[in-house]
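Asker: What follows is a single structure, and I will ask about it in a moment.
The values are calculated or read from the model by the stated rules, or taken from the named source; none is laboratory data. Quick caveat, the model's predicted, so the values are computed rather than measured. Here the Cβ is made from the backbone with ideal geometry for all residues, glycine too, and neighbour counts use every protein chain on show.
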Amino acid sequence: MDIPKAKLPKALDIPQIYFRPPTPDVPAYKPMIIPPADLERPEDTEAEETSEEPEAPTLKIPVLDIQMPIPETAVVVTAVTTAVIAVATTTITQSLFEPIKKKVQKQLQSKVNKWKENQKKKKDLLTESKEQEENLKKNK
């Protein structure tokens, strides 16, 4: 007896992927050496004289005879950077939000105008009805 055999295609050749597990970067630090609390200077050494901090630079204003201290460079750079960023942000956002503001104001104003007209119409109708009631009372 002939039994039919199925012709199957050959299996796909899938390349093998080699996976290397990740290696962590372990943080390292330089150990900090803390001196003991009872640390003293050796007897045969002399204490080092500490020098005073230099005076801050000043600017003399001749007409007023005032000495103005000059701030450090880092302070000036920080202040200037902050001011420039603030002005740039304000300028950019103002130009972006101005058209939106105008459209919203226009829509709100139209809504307020409609509301005022409705209030005026209600008031007119109310006065007319009162006048009609008064005329009916007079006619009777």
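Asker: Could you pull out the residue among Ala83, Ala56, Ala47 that is out of contact with any Asp or Glu (no Cβ under 7 Å at 6 or more places or on another chain) and in a helix (DSSP H, G or I)?
Answerer: Ala83
Asker: State all residues of the range 39-60 that are modelled with pLDDT of 85 or more and out of contact with any strand residue (DSSP E or B) (no Cβ under 6 Å at 6 or more places or on another chain); if no residue qualifies, say none.
Answerer: Matches in the range 39-60: none.
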